[in-house]
Amino acid sequence: MENKKKIVVFASGNGSGFENICKKLLDLEFLEISKLYCNNNKALVLDRAKKYGIENFIFQNNDLKNKKVLLDLQKVKPDLIVLAGFLKKIPTDITNKFKHKIINIHPSLLPKYGGKGMYGENVHKKVIENNEKESGFTIHYVDQNYDEGDIIFQKKIPIKKKDPVNLGKEVLKLEHKYYPEIILKCLSDGKS
Ligand code: GRF
């Protein structure tokens with residue numbers, strides 16, 4: 001099919017979110033997962049990309065600043081850039097060129113528990129420590145600041161057990177349920 005919508009995914013580590021996106025979206029005729037961008041050449045997500053036949057672009061963190069990543073993105077021309085467990089800040093030249101075309105998923109109810117260092121279990125530990133009654137995840141547009149762009153979607157769950165590992169698993173399961181749907185929604189809403 002011509003004129004397929006193109007998405008690319010940025011990930012740094014495990015990549016369960018990336019694999020979930022592949023499982024749910026790869027068969028869609030009107031969409032192409034064009035590339036995985038990864039800043040860690042030992043990341044498990046690279047094996048997952050290989051399994052699904054997705055091309056990868058491995059880069060050094062410095063390549064975010066020296067425009068190597070930006071230049072490649074400008075060649076690929078994605079309709080949407082999907083961050084799924086990507087741990088580096090996206091520089092302003094990329095956020096400016098791809099305004100409302102970059103989305104991220106974060107395992108808390110932003111604006112709470114976002115920002116530098118707030119990833120993975122750190123988030124869930126803090127949430128439990130602070131006796132929060134609920135948590136969840138947030139999908140948002142990416143701007144020049146960590147975890148601060150406009151919110152697209154949030155899902156809340158009550159915290160039943162004071163156990164960060166358990167909370168992390170529950171939140172991740174929900175992320176996997178909703179992220180592919182929201183990616184499709186962003187593509188069809190026209191902003192991207
Ligand atoms: C997810 O919790 C996501 O919210 C956050 O990073 C985690 C990624 O996990 N941005 P994985 O690498 O996809 O398994």
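Listed values, structure above:
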quantity	calculated
Residue among 76, 82 that alone is crowded, with 21+ Cβ neighbours inside 10 Å and not basic (Lys, Arg)	82
Given (1) in contact (Cβ under 8 Å) with a residue 40 or more places away in the chain; (2) among the β-branched types (Val, Ile, Thr); (3) within 16 Å of the ligand (Cβ to nearest atom); (4) part of a helix (DSSP H, G or I), number of the condition residue 128 does not satisfy	(1)
All strands (runs of 3 or more DSSP E) inside region 1-87 with 1 or more residues being closer than 26 Å to residue 189 by Cβ and not β-branched (Val, Ile, Thr)	5-11, 31-38, 80-83
Number of the exception - residue 125 against (1) surrounded by 14 or more Cβ atoms within 10 Å (Cβ to Cβ); (2) under 20 Å from residue 187 (Cβ atoms); (3) not aliphatic (A, V, I, L, M)	(2)
Residue check, residue 164 crowded, with 18+ Cβ neighbours inside 10 Å and at pLDDT 95 or above	yes
Residue match in region 140-149 (condition: open to solvent by less than 10 Å² (accessible area, probe 1.4 Å), in contact (Cβ under 8 Å) with a residue 12 or more places away in the chain and assigned to a strand (DSSP E or B))	yes
The listed residue being on the phi > 0 side of the Ramachandran plot and either in contact with a Leu (Cβ under 6 Å, 6 or more places away or on another chain) or of a type outside the set (S, T, N, Q) (or both), out of 4, 67	67
Selection count, region 7-21, where residues are of a type in the set (S, T, N, Q) and near the ligand (Cβ under 6 Å from one of its atoms)	2
Selection count where residues are under 19 Å from residue 81 (Cβ atoms), assigned to a loop (DSSP other than H, G, I, E, B) and within 14 Å of the chain's Cα centre (by Cα), scope region 101-113	1
Residue ID - nearest to residue 80 (Cα to Cα), chosen from residues in region 26-36 that are surrounded by fewer than 21 Cβ atoms within 10 Å (Cβ to Cβ) and hydrophobic (A, V, I, L, M, F, W, C)	31
Lone qualifier among 56, 39, 62 - being crowded, with 20+ Cβ neighbours inside 10 Å and of a type in the set (S, T, N, Q)	39
From 66, 61, 20, 39, residue being closer than 16 Å to residue 94 by Cβ and touching a residue at least 40 places away in the same chain (Cβ under 8 Å)	39
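The values are calculated or read from the model by the stated rules, or taken from the named source; none is laboratory data. Note that the structure is a prediction, hence the values are computed from the model and not measured. Cβ atoms come from the backbone with ideal geometry, glycine included; neighbour counts cover every protein chain shown. Remember, those area values only see protein heavy atoms, side chains included, never the ligands or the DNA or RNA. Shrake-Rupley method; radii C 1.70, N 1.55, O 1.52, S 1.80 Å.
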